[in-house]
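Take a look at the structure below.
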Amino acid sequence: MGSPQSPPLAHVFKGTFVHSSASAPLEILPGHLLGVDDNGTIVFVEQADQLEQLAKTWGFKTSDIRQLSKHEFFMPGLVDTHIHAPQYAFTGTRVDLPLLQWLTSYTFPTEAKYQDNGFAEEVYTRVVRRTLKNGTTTACYFATIHTDSSLLLAEITGKTTSFLPFFRFVTELLEKKYPRVQPIITPRFGPSCTEDLLNALGDLAQTHDLRVQSHISENEEEVKLVESMFPTYQNYTELYDKNKLLTSKTVMAHACYLSEEELKLFSLRGAAISHCPNSNFSLCSGVLNVRKVLEHNVKLGLGTDVAGGYSASMLDAIRKTMMASNSLQINKVNGTGITLEEAFQLATLGGSQALGLDDVIGNFEVGKEFDALLINTKASDSPFDLFSADDFEDALQKFLYLGDDRNISEVYVAGKQVVPFSSSV
Ligand code: GUN
Ligand code: FE
């Protein structure tokens, strides 16, 4: 494909594309043509009646077009804004204790095992493969303090996009050995830090203009502990802010108990929140009022928070976002309802905004990278049945509520097909 005037195209797809824009939580584009160039960039998204003109401009033939079936559509890759790679080892188990006891009983002993590179390599390979199969094309990972095993995670995720914690690490990542992986300053949470440590990390973040991630106001006991450990700060948010860790490159997980004042500070700094509803329910931590966060103009994405959250699927995060919203409504917290379309938007475009990547990924706008999932609502082993087969919106809802990796037949990262796996992934 390609003409002398333009670089060759890697893909031209024809069919239905579903995505979000800043103003519309859900846009369905039936009968469209989408072209991806050799760099993985989307170069056009047009109605199919523009075929002749597009073919002329971009130098492709009708036979180069991949026509989707009527049960297939493309949606943007899912963005997991908060996931602990080492905790994947115990996902789906041990969510029977509140946060602080869960951390000391299960999490810290498990994470200590990552000084063993062999163990790390096995778990990290599996978490990357599992999340890719589940449709996660960008992930913001917590690793552990062990540099060697964290570099292994960088190597394994290097084929997709990830943000990983610090140290020797930063130098290697900044040398662009793995261009799709970026380092991120990661104080675990208030209670595991001293003021000096937070301050030093804030200096580092500022000096090198680095990303920051942590946990905030996840559980009431944790909030009280932070108040007692750091009595000179007004609140938890101020602890991070005064130490230069609340910036436009920050993502804080949970944020269930933030006051209005704290949300205003998040908004002012351009810092983002990662909503992790599976974890919030599983560890009985709290329920984030998503509507309130959005009304404060705070950037918001969704996270699985493996393994506080028992599922490594962002489709599950969408479903649990709906349940969290419904539980607030049941409890008569007014004006809190989130629609399924909005939950979809948070899992895709919202995540890209939270990570400051909305000019690169998050939807199918021309100029962005083609991070995409090919969904087949009639896959032979589909976990759900389509009765009203011609109603596209029903099929889409069924996929969002009932679908899984059996419906995700192909996954693309920056135009490159990564699922089904080639042996190198
Ligand atoms: N707070 C501090 N560490 C953790 C963690 O590993 N998981 C969760 N959910 N919360 C935390
Ligand atoms: Fe977490």
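Brief remarks on what is shown
- Of all residues making up the stretch 310-337, the number that are surrounded by fewer than 22 Cβ atoms within 10 Å (Cβ to Cβ) and β-branched (Val, Ile, Thr): 3
- Leading residue by the ranking (surrounded by the fewest Cβ atoms within 10 Å (Cβ to Cβ)) among those in the stretch 279-305 that are polar (S, T, N, Q) and away from ligand 1 (no atom under 15 Å from the Cβ): Asn297
- Residues of the stretch 178-198 classified as assigned to a helix (DSSP H, G or I), surrounded by fewer than 22 Cβ atoms within 10 Å (Cβ to Cβ) and within 16 Å of ligand 2 (Cβ to nearest atom), total: 2
- Residue tally, condition more than 13 Å from ligand 1 (Cβ to nearest atom) and either crowded, with 16+ Cβ neighbours inside 10 Å or without any contact (Cβ under 8 Å) to a residue 40 or more places away in the chain (or both), over the stretch 211-238: 14
- Any chance Thr107 is of a type outside the set (A, V, I, L, M), closer than 27 Å to Thr138 by Cα and assigned to a helix (DSSP H, G or I): yes
- Selection from the stretch 81-111 of residues that are within 13 Å of ligand 2 (Cβ to nearest atom) and under 16 Å from Gly303 (Cα atoms): Thr81, His82, Ile83, His84, Ala85, Pro86, Gln87, Tyr88, Thr91
- Number of the exception - His84 against (1) under 30 Å from Arg291 (Cα atoms); (2) out of contact with any helix residue (DSSP H, G or I) (no Cβ under 9 Å at 6 or more places or on another chain); (3) surrounded by 19 or more Cβ atoms within 10 Å (Cβ to Cβ): (2)
- Yes/no for Leu315 being more than 16 Å from ligand 2 (Cβ to nearest atom) and either out of contact with any strand residue (DSSP E or B) (no Cβ under 8 Å at 6 or more places or on another chain) or of a type in the set (S, T, N, Q) (or both): no
- In the set (1) touching a Phe, Trp or Tyr at 6+ places or on another chain (Cβ under 7 Å); (2) touching a residue at least 60 places away in the same chain (Cβ under 8 Å); (3) farther than 24 Å from Leu100 by Cα, Met314 fails one condition alone, (1).
- Counting only helices (runs of 4 or more DSSP H) that sit wholly inside the stretch 248-312, not one has at least 1 residues that are within 16 Å of ligand 2 (Cβ to nearest atom) and aliphatic (A, V, I, L, M).
- Condition met for Leu268 (more than 16 Å from ligand 1 (Cβ to nearest atom) and either surrounded by fewer than 21 Cβ atoms within 10 Å (Cβ to Cβ) or farther than 23 Å from Pro76 by Cα (or both)): yes
- Scanning the stretch 358-392 for residues being surrounded by fewer than 18 Cβ atoms within 10 Å (Cβ to Cβ) and either within 15 Å of Val18 (Cα to Cα) or under 12 Å from the mean Cα position of the chain (by Cα) (or both) gives a total of 4.
- Taking the criterion of being within 11 Å of ligand 1 (Cβ to nearest atom), without any contact (Cβ under 8 Å) to a residue 12 or more places away in the chain and farther than 30 Å from Ser352 by Cβ, the residues of the stretch 80-113 that qualify are Thr104, Phe108.
- Note on the stretch 398-412: residues that are closer than 16 Å to Ala343 by Cα and assigned to a helix (DSSP H, G or I) amount to 5.
- Scanning the stretch 209-231 for residues that are of a type in the set (D, E, K, R) and not in a loop (DSSP other than H, G, I, E, B) turns up Arg211, Glu220, Glu221, Glu222, Lys224, Glu227.
Any read-out appearing in this document is the output of simple, stated calculations on the displayed coordinates, not a laboratory observation. Computed from a predicted structure; not experimentally measured. Note that each Cβ is placed from the backbone with ideal geometry, even for glycine, and that neighbours are counted across all protein chains shown.
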